[in-house]
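Working notes for the structure below.
Each reported figure results from applying straightforward, stated rules to the coordinates on display, with no laboratory input. Note that the structure is predicted; figures quoted are calculated from it, not measured. Reconstructed Cβ throughout: ideal geometry from the backbone, glycine too, with neighbour counts over all protein chains shown.
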């Protein structure tokens, strides 16, 4: 049975002191409450990783970064390699987030290199894909997502692909307050799983966790997570408070 996962992407938010306080609150509430029915992952800024890793010792909470470089090391000022991330104690890294694609010009080919770099460093990539509003309205949504998934993931061996988590994020629903309807989410998750099935087989398709990302909050998480092909969420704004984030975590039940 594939994993149910709720991952919090803090983006460029929280000072180290603020992030430490948030992690402590999340940890305390999880330890004093019911055991969640989903794996929990926190993805703070790079500057917080080592401190948060120490705070999460002896817990079941996973730790991830929000991006990584394509290269292992070298003269790449300002970049952070997957191996550096791994050395902090993190086990995950978000790759190909729509904000990286749109704001920093990351092409599908760059994303593919980052996936490989992450896996080679022992990290689990959370691979993001999704269409813009213009692409959806023009009927290109499936072509766009197919190109992102196939270029980003289908050069991997079956063994490497088995380490990947996929996140569908309709770009038009990120930070806008809009969210995909359950029907829209189901349609795209089924499509992505069919792409995986055609490339890697039935076993890989059934074992790959596909998360939904796009204005997911405690009020709509139960409906979204009830969809058979939605295996959790990649959470942005709602991950910045313990109450909202844990409200989503517990949408899978207690």
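Okay, here's what the table says:
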{"quantity": "Residue with peak Gaussian network fluctuation, the chain [Cα springs, cutoff 10 Å], from 214, 64, 201", "calculated": "201"}
{"quantity": "Kirkwood Rh (inverse of mean 1/r, distinct Cα pairs), region 139-213, angstrom", "calculated": "12.9 Å"}
{"quantity": "Max mean-square fluctuation residue, GNM over the chain, Cα-Cα springs under 10 Å, options 116, 72, 95", "calculated": "72"}
{"quantity": "Rg and Dmax [Cα atoms of region 170-254; Å; Rg one decimal, Dmax integer]", "calculated": "13.3, 40"}
{"quantity": "Where labels lie 7 Å past Cα in the beta-carbon direction, separation of residue 58 and residue 134 in nm", "calculated": "5.3 nm"}
{"quantity": "Where N is the number of residues in region 31-84, Cα Rg divided by 2.2 N^0.38 Å", "calculated": "1.42"}
{"quantity": "Where N is the number of residues in region 97-154, Cα Rg divided by 2.2 N^0.38 Å", "calculated": "1.17"}
{"quantity": "Sum of -39500 (n - 2.57) over DSSP H runs of 4+, divided by residues of the chain (222 nm, nearest 500)", "calculated": "-12500 deg cm²/dmol"}
{"quantity": "Cα Rg, Dmax (largest Cα-Cα span) when computed across the chain, Å", "calculated": "16.9, 49"}
{"quantity": "Residues listed by number, region 210-254, amide nitrogen under 15 Å from residue 194 label point at 7 Å toward C-beta", "calculated": "229"}
{"quantity": "Two-decimal ratio, region 94-218, of alpha-carbon radius of gyration to 2.2 N^0.38 Å", "calculated": "1.00"}
